[in-house]
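What follows is a short report on a single structure.
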Amino acid sequence: MKILKKLSFALVTLLLLFSFTAPDDHVGKWKGQDKGDIGYLTLTSDGYAVFEFNGQTLGGKSYDHNGTKAAMKYTINSGTSPKAIDFMIIDNGSKRELGRLKGIIKMKSRDEMQMALRFGGTAGRPTDFSEDAIVFRRVK
């Protein structure tokens, strides 16, 4: 009985050590570079996203999206490999979804995140990071 207790404790400890990943590793402000342009992405713990590039800010809880007061939210599906990330533009008045960007995300480390997004109105999601992938580094 004593050996079973020790074995159980050891197994639980190993499982925690090797399978622990913080669910909010992606939360924070990130800096990325794409084709020479530097931009920022902020992912909040309450599900909002903000893109900043070329002096413009898009997203957050309220911003002007083509004359409509909108918000940009994000969701991450950890049940896929690689993880799926969706950015949704939501009309603040009607709560209707105005658009969606589909992508994939991979945490390379606590301070480095790789992302690939599908732009241009195509319905699919990238399957790997071979095209248009951006590496973001956490802003300290």
- Return only the number of the condition from (1) more than 26 Å from Glu131 (Cα to Cα); (2) at pLDDT 95 or above that Ile89 does not satisfy. (1)
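Which residues, taken from segment 88-138, are under 23 Å from Tyr63 (Cα atoms) and assigned to a loop (DSSP other than H, G, I, E, B)? Show your work before the answer.
Residues of segment 88-138 that are under 23 Å from Tyr63 (Cα atoms), as a first pass: 88-103, 117-121.
Within segment 88-138, Asn92, Gly93, Ser94, Lys95, Arg96, Phe119, Gly120, Gly121 meet the criteria.
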- Message: Among the numbered criteria (1) under 24 Å from Ala133 (Cβ atoms); (2) surrounded by 15 or more Cβ atoms within 10 Å (Cβ to Cβ), which one does Thr57 miss?
- Response: (2)
- Message: Looking at Arg118, Arg110, can you tell me which residue is without any contact (Cβ under 8 Å) to a residue 40 or more places away in the chain and either surrounded by 15 or more Cβ atoms within 10 Å (Cβ to Cβ) or among the charged types (D, E, K, R) (or both)?
- Response: Arg118
- Counting only residues that are of a type outside the set (Lys, Arg) and closer than 15 Å to Val27 by Cβ, which one in segment 73-86 is surrounded by the most Cβ atoms within 10 Å (Cβ to Cβ)? Ile85
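Restricting to segment 77-101, what's the tally of residues that are of a type in the set (A, V, I, L, M, F, W, C) and under 15 Å from Ala116 (Cα atoms)? Talk me through it step by step, then tell me what you get.
Just the residues of segment 77-101 that are of a type in the set (A, V, I, L, M, F, W, C), to begin with: 84-85, 87-90, 98, 101.
Now drop any that are not under 15 Å from Ala116 (Cα atoms), which leaves 84-85, 87, 101.
The qualifying residues number 4.
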- Task: Taking the residues in segment 64-83 that are without any contact (Cβ under 8 Å) to a residue 12 or more places away in the chain and assigned to a strand (DSSP E or B) as candidates, determine which candidate is farthest from Lys102 (Cα to Cα).
- Result: Asp64
- Tell me which residues, restricted to segment 34-57, are touching a Lys or Arg at 6+ places or on another chain (Cβ under 9 Å) and in contact (Cβ under 8 Å) with a residue 40 or more places away in the chain. Tyr40, Leu41
- Does Ser19 fit the bill of being exposed (fewer than 11 other Cβ atoms within 10 Å of the Cβ), over 19 Å from Arg138 (Cβ atoms) and either at pLDDT 85 or above or not β-branched (Val, Ile, Thr) (or both)? yes
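The values are calculated or read from the model by the stated rules, or taken from the named source; none is laboratory data. Because the structure is predicted, anything quoted here is derived from the model rather than measured. Ideal geometry is used to build each Cβ from the backbone, glycine not excepted, and the neighbour counts take in all protein chains shown.
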